[in-house]
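Report on the following structure.
The values are calculated or read from the model by the stated rules, or taken from the named source; none is laboratory data. Since we're looking at a predicted model, the values are computed, not measured. Note that each Cβ is placed from the backbone with ideal geometry, even for glycine, and that neighbours are counted across all protein chains shown.
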Amino acid sequence: MFAKFVTWLKSLFYKKELQACLIGLQNAGKTTLTNALCNDPDRDNTIPTIGFNVREVTKGKVNLHLWDLGGQNKFRNLWERYCNDAQCIVYVVDASDKDKLSEAKDELFKLVEMDTLVGKPLLVLGNKNDIDGALKEDQLQKMLDLEQIQNREVCIYSISAKNLTNIDNVIKWMTKYGK
């Protein structure tokens, strides 16, 4: 009982911190998503990320540190380094680009099989659901074989970072991992 009271008292004065890595192939919409999470009104005007971007935003009592990592092939070897310090991994997939799904799946499985990232919660986002023909959650889950990923929480949402569709669920999922 006393421990619950202390926890409640701390929650009045202290914020939680969360480091999250937003990764995925180039042009998946990671920067647009980062800008949407940060309430950036200019979220649509993005250029390819070279290396990484770091943004910080407070949602409720959680201070989010968002690492938007470049998706070009030459930057993918850096993903593990940044994800190692994160509390969760957000993997963004362009759900409208079926030609890149096989590559997206391969990169996702390379990532989740890394020893240093075992157990890290994973949120897979099928972005660009505002585009005709974009895969739905269940289709994307099947195409990416997400049921094969073990020993961690895996969640999937269909979103549109451009139109802010389902962004509230992304925030809820991420903030539960704040420390």
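Couple of notes before you dig in:
For (1) surrounded by fewer than 18 Cβ atoms within 10 Å (Cβ to Cβ); (2) modelled with pLDDT under 95; (3) more than 24 Å from Gly60 (Cβ to Cβ); (4) in contact with an Asp or Glu (Cβ under 9 Å, 6 or more places away or on another chain), each residue gets a yes or a no:
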site: Asn127; (1), (2), (3), (4): no, no, no, yes
site: Asp130; (1), (2), (3), (4): yes, no, yes, no
site: Gly133; (1), (2), (3), (4): yes, no, yes, no
site: Leu144; (1), (2), (3), (4): no, no, yes, no
site: Gln150; (1), (2), (3), (4): yes, yes, yes, no
site: Cys155; (1), (2), (3), (4): yes, no, no, no
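One line per residue, one yes/no per condition, for (1) more than 14 Å from the chain's Cα centre (by Cα); (2) at pLDDT 80 or above; (3) of a type in the set (Gly, Ala, Ser):
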{"residue": "Phe2", "(1), (2), (3)": "yes, no, no"}
{"residue": "Trp8", "(1), (2), (3)": "yes, no, no"}
{"residue": "Leu12", "(1), (2), (3)": "yes, no, no"}
{"residue": "Gln19", "(1), (2), (3)": "no, yes, no"}
{"residue": "Ile23", "(1), (2), (3)": "no, yes, no"}
{"residue": "Ala28", "(1), (2), (3)": "no, yes, yes"}
{"residue": "Leu33", "(1), (2), (3)": "no, yes, no"}
{"residue": "Pro48", "(1), (2), (3)": "yes, no, no"}
{"residue": "Arg55", "(1), (2), (3)": "no, yes, no"}
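- Asp97 meets all of the listed conditions (1) crowded, with 18+ Cβ neighbours inside 10 Å; (2) among the charged types (D, E, K, R); (3) in contact with a helix residue (DSSP H, G or I) (Cβ under 7 Å, 6 or more places away or on another chain) but one, namely (3).
- The single condition from (1) farther than 15 Å from Leu22 by Cα; (2) among the polar types (S, T, N, Q); (3) touching an Asp or Glu at 6+ places or on another chain (Cβ under 8 Å) that Asn169 fails is (3).
- Scope the range 46-68; condition closer than 18 Å to Asn127 by Cβ, part of a strand (DSSP E or B), of a type outside the set (D, E, K, R) and touching a helix residue (DSSP H, G or I) at 6+ places or on another chain (Cβ under 6 Å); matching residues: Leu66, Trp67
- Leu146 vs. criteria in contact with a helix residue (DSSP H, G or I) (Cβ under 9 Å, 6 or more places away or on another chain) and either under 19 Å from Asn35 (Cβ atoms) or touching a residue at least 40 places away in the same chain (Cβ under 8 Å) (or both): no
- Arg43 meets each of the listed conditions (1) at pLDDT below 85; (2) crowded, with 16+ Cβ neighbours inside 10 Å; (3) more than 27 Å from Gly133 (Cβ to Cβ) apart from (3).
- Residue within the range 106-120 that is crowded, with 18+ Cβ neighbours inside 10 Å, farther than 19 Å from Val62 by Cβ and polar (S, T, N, Q) present: no
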